[in-house]
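Report on one structure; see the data block that follows.
Just so it is clear, none of the values below were taken in a lab; they were calculated from the coordinates. Just so we're clear, the structure is a prediction, and the values are computed from it rather than from any experiment. Glycine also receives a Cβ, built like all others from the backbone with ideal geometry; neighbour counts cover every protein chain displayed.
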Amino acid sequence: MIAQATDCFAAHELRDVAPVERDDVALLVSRKSDDSLINACFDELPRFLEAGDLLVVNTSATLPAALPARVSGGGARVGGTELVLHLSTPVTEREWVVEFRTPDRFPAGAPQPGATVELPGGGSAEVLAPYLGSRRLHVARLSIDGPVERYLAAHGHPIRYRHSPDGLDIEAYQTVFSRHPGSAEMPSAARPFTAELVTELIARGVTFAPITLHCGVSSLEAGESPYPERYVVPAATARLVNAARWWGGRVIAVGTTVVRALETVADADGIVSAGAGLTSLVVEPERGVAAIHGLLTGWHEPESSHLRMLEAVAGADLLSRSYDAAHAAGYRFHEFGDSNLILR
């Protein structure tokens with residue numbers, strides 16, 4: 001049986017259209033301690049947290065990382081084809097991991113290595129080679145004027161998939177914690193937070209601590225593992241995580257990106273150290289988690305690699321029941337969808 005926190009959820013308008021307003025979000029709370037599931041609204045989050053709990057948030061800001069492109073030569077099999085180029089992760093200042101999509105947002109076959117891709121404003125990109133043996137990701141060398149961030153601000157738009165709302169500008173893809181530009185896609189677990197909700201949580205004795213992990217493109221193929229991403233766990237955050245564990249508070253990751261960063265710098269006992277660099281860590285049930293006691297996340301498709309991480313936190317049975325309940329109740333999926341709080 002699924003409990004209901006208040007009349008809030010009953011009045012919540014679950015629908016197929018993704019919510020644009022940040023407070024128009026439903027929340028399913030799943031607790032491993034008693035196997036309970038509770039329907040709520042996101043603004044009821046303070047009811048499920050306690051003084052002394054620590055929420056760790058991702059301060060990465062989203063780049064307008066999608067660019068209109070045309071394949072123009074260099075041995076390309078699809079010369080003249082209109083495409084969309086997604087910038088994902090820098091390899092060097094001018095060499096980036098990229099993904100190609102069709103203008104109507106379907107996956108597109110990448111041009112052959114050596115192909116030149118024309119970009120707006122007189123820019124171009126040369127396709128160099130597949131990235132880490134991937135069929136969909138390649139490394140490309142950019143030829144553009146000025147820094148990449150400034151070029152994207154002038155010519156790019158947010159990465160959108162077929163489920164994404166049309167017409168939203170880059171500000172809709174930021175969270176209240178966005179400070180450090182670098183993500184190809186929004187660290188969306190924190191999107192429902194408002195300044196007012198953060199203030200209420202702090203007033204109730206809940207603490208916040210930042211990490212930064214810059215998300216790459218997330219459209220993983222079947223069987224494809226997450227690839228390396230840039231992260232920073234500050235020394236102050238490491239101290240707060242360790243202190244919260246010492247005083248009996250719960251460390252709750254806001255998003256799978258936070259789990260990846262914290263688990264990268266945690267030892268077997270969950271003690272966290274400061275760290276920065278590239279993380280290749282894949283959190284799966286066989287490994288488990290050591291640093292966190294809970295996870296606030298969105299709803300992911302069945303083929304998503306994120307589900308393996310969620311299973312490591314919740315366990316297979318509770319996770320399966322949560323997703324069955326979410327489907328039955330009409331919870332919305334993807335980056336503009338509803339939320340799931342998993343408490344161990």
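Overview of results
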quantity: Loop-resident sites, segment 86-174, for GluC sites (Glu not before Pro), counting at most 11 other Cβ within 10 Å (DSSP); calculated: GLU93
quantity: Hz values of 3J(HN,Hα) by residue in segment 316-330 - Karplus curve (6.51, -1.76, 1.60), Gly and Pro given as x; calculated: 5, 5, 5, 5, 4, 5, 5, 5, 4, 5, 5, 5, 5, 8, x
quantity: Three semi-axes of the equivalent ellipsoid, segment 295-340, Cα gyration tensor, whole Å, largest first; calculated: 15, 12, 9
quantity: Separation in nanometres of the label points that stand 7 Å from Cα toward Cβ, at ASP166 and GLN112; calculated: 3.6 nm
quantity: Bridge type composition, the chain - antiparallel percent by DSSP, nearest 5; calculated: 70 percent
quantity: Stokes-Einstein D (µm²/s) once Rh is taken as the Kirkwood radius of the chain over alpha-carbon pairs, at 37 °C in 0.692 mPa s; calculated: 158 µm²/s
quantity: Cα gyration tensor shape of segment 214-293, rounded if a/c is under 1.5, else prolate or oblate by comparing a/b with b/c; calculated: prolate
quantity: Pair-distance profile P(r), taking every C-alpha pair of segment 66-155, with 5 angstrom steps and integer %; calculated: 3, 16, 29, 29, 17, 6, 0
quantity: Segment 116-166: C-alpha gyration tensor shape, a/c 1.5 cut-off, then a/b vs b/c; calculated: oblate
quantity: Approximate spin-label separation ASP35-GLU301, in nm, with each point projected 7 Å along Cα-to-Cβ; calculated: 3.2 nm
quantity: For segment 230-253 and segment 163-183, distance of Cα centres in Å; calculated: 26 Å
quantity: GluC sites (Glu not before Pro) within segment 289-344: DSSP coil, no more than 13 neighbouring Cβ in 10 Å; calculated: GLU303
quantity: Gained length - THR102 relative to LEU278, 0.36 nm times residue gap less alpha-carbon distance; calculated: 60.4 nm
quantity: Whole-Hz couplings from phi, Karplus 6.51/-1.76/1.60, listed for segment 180-195; x for Gly and Pro; calculated: 10, x, x, 8, 6, 10, 5, x, 6, 4, 8, 4, x, 5, 10, 4
quantity: Residue-span extension gain [GLU196 to ALA154] - 0.36 nm each, minus C-alpha spacing; calculated: 11.9 nm
quantity: For segment 51-56, 3J(HN,Hα) per residue [Karplus equation, 6.51 cos²θ - 1.76 cosθ + 1.60, θ = phi - 60°, Hz, x = Gly/Pro]; calculated: 4, x, 5, 10, 9, 9
quantity: Theoretical gain in end-to-end length, ARG135 to HIS327 [0.36 nm per residue, Cα-Cα removed]; calculated: 66.0 nm
